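Input: a single structure, listed below in structure tokens.
Bear in mind these aren't lab numbers, they're just calculated from the coordinates by the rules spelled out. Note that the coordinates shown come from a computational prediction; the quantities given were computed from them, not determined experimentally. Backbone-built Cβ (ideal geometry, glycine too); neighbour counts: all protein chains shown.
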Amino acid sequence: MKRLCILGSTGSVGQNCLRVVRSLPGRFQVVALGAGKNVPLLAEQVAEFGPELVAMGEERFLDSLRQQLQALGYRQPVRLCAGEAGLVEAATLPDVDMVVSACHGVTALRATFEAVRAGKQVGLANKETLVVAGELVMQAAREHGAAIIPIDSEHSAVHQCLRAGERHEIRRLILTGSGGPFLKTPWKDFPAITPERALQHPIWKMGGRITIDSATLMNKGLEIIEAHWLFGLAPQQIEVLIHPESVIHSMVEFRDGAVVAQLGVADMRIPIQYALTYPERLATNGNLVGMDLAALRRLHFAKPDTKRFPCLELGRKALETGGLLPCVVNAADEVAVEAFLAREIGFMDIPKVIEAAMQDAPPGHPGSLAEVVECDRESRQRAKEWIKKIKQSRNVPGNQ
Ligand SMILES: NC(=O)c1ccc[n+]([C@@H]2O[C@H](COP(=O)([O-])OP(=O)(O)OC[C@H]3O[C@@H](n4cnc5c(N)ncnc54)[C@H](OP(=O)(O)O)[C@@H]3O)[C@@H](O)[C@H]2O)c1
């Protein structure tokens, strides 16, 4: 029985993770859950899975959680805690074997880092962890013998393809992406893109930020950085290929010219189950369907259009430059996406905010998690100032 801590249990990945747990009775015990503010759903999860510890984003939600648990007639002892310290406590409980890191943004960065330092197995959905602190996290994983198993579908695909060869035999990785909802949208229509349209991802159902990042292709930029740290490859060895059907989740080309691809239906339960049960492959026990390749008939591929989707290259540039730049890009993107969703800026302003934040990036290399956190905080502040400037310029008559 593997004992789990799931950080972000009320989110898209977290709920899918619990579906996998539910579908494989007797394989897992949920020891700890972490979530932000969705008290009703978290209470249901606690009542169903009976964890010993639950961490919430803020202290003020805990009373409401207690009341909901009472209303559900739940009488088991459960320790409730809050904030970053609560997430760290959940992730480092001695009887946790594996931590699933699936919180929003950098909220669980410290908890994931401490889980690695405690030598836990980590199922990593949260790409921001490696984007902002890849070097520190991977170094800690080596020092403490912690295995990091990717959950992000592209990186899970690469992990699976690598079972066909060794890392030193890789020529290049090909990360695939659907291209998002605006793959065929003419450039002239980009200024009219609304949050509602950008939230309509053609293939995957995901949280808000990653859905918008998929529409701008920032998601692929962040995935290049994540792949660099996970698989120890140079930026030039990591390519992105648009593949609208999202049947191939990524590929590895080996030095002998052989290309190994991982295919499957677009359902996050597959990479989640793979990570939870690795190195075993278990029969899926839920209502997951297999693939009907004959019905697909054709698969399409194209190079990404970096003119219409500049965020992809901003991510690559951040990786090539290194230091604190990936942290700056991630923070600026998150703030810009929030502003876009709040209709404060337009879709095409997102890369502008990121690029402006990159000009102000502090020099140097992060030597500690504290430095990363400080850079994240300052970059958010600067991105907000740029957004303010954009809004002010729009209020000037004659400006768009
Ligand atoms: N969704 C996917 O299919 C997918 C695929 C690959 C990678 N990822 C990555 O996985 C991560 C999660 O994505 P998602 O789509 O699942 O996001 P999501 O649906 O927005 O869920 C985010 C989770 O984080 C929790 N959270 C927010 N603030 C928190 C805080 N202060 N303390 C503790 N928990 C907090 C939320 O709790 P409340 O809802 O209770 O506030 C929720 O459980 C992201 O890094 C994303 O890039 C997602």
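What to note about this one:
- In segment 182-232, the residues that are in contact with a helix residue (DSSP H, G or I) (Cβ under 7 Å, 6 or more places away or on another chain) and small (Gly, Ala, Ser): 198, 207, 208, 215, 221, 227, 232
- Unique residue being within 16 Å of the ligand (Cβ to nearest atom) and over 17 Å from residue 155 (Cβ atoms) when the list is 227, 198: 198
- Residues that are acidic (Asp, Glu) and touching a strand residue (DSSP E or B) at 6+ places or on another chain (Cβ under 8 Å), drawn from segment 73-127: 89, 95, 97
- Filter pass, residue 101 being within 24 Å of residue 43 (Cβ to Cβ) and either touching a residue at least 60 places away in the same chain (Cβ under 8 Å) or not polar (S, T, N, Q) (or both): yes
- Within segment 1-46, the residues that satisfy the criterion of being over 23 Å from residue 88 (Cβ atoms), surrounded by 16 or more Cβ atoms within 10 Å (Cβ to Cβ) and hydrophobic (A, V, I, L, M, F, W, C) are 20, 24.
- Where strands (runs of 3 or more DSSP E) fall entirely within segment 1-58, those with at least 3 residues that are in contact with a Leu (Cβ under 8 Å, 6 or more places away or on another chain) and away from the ligand (no atom under 16 Å from the Cβ) are at 28-35.
- So residue 68, is it out of contact with any Asp or Glu (no Cβ under 7 Å at 6 or more places or on another chain), over 30 Å from residue 315 (Cβ atoms) and either free of Cβ contacts under 8 Å to residues at least 40 places away in the same chain or within 14 Å of the ligand (Cβ to nearest atom) (or both): yes
- Residues being over 19 Å from the mean Cα position of the chain (by Cα), within 11 Å of the ligand (Cβ to nearest atom) and not hydrophobic (A, V, I, L, M, F, W, C) - total across segment 76-112: 2
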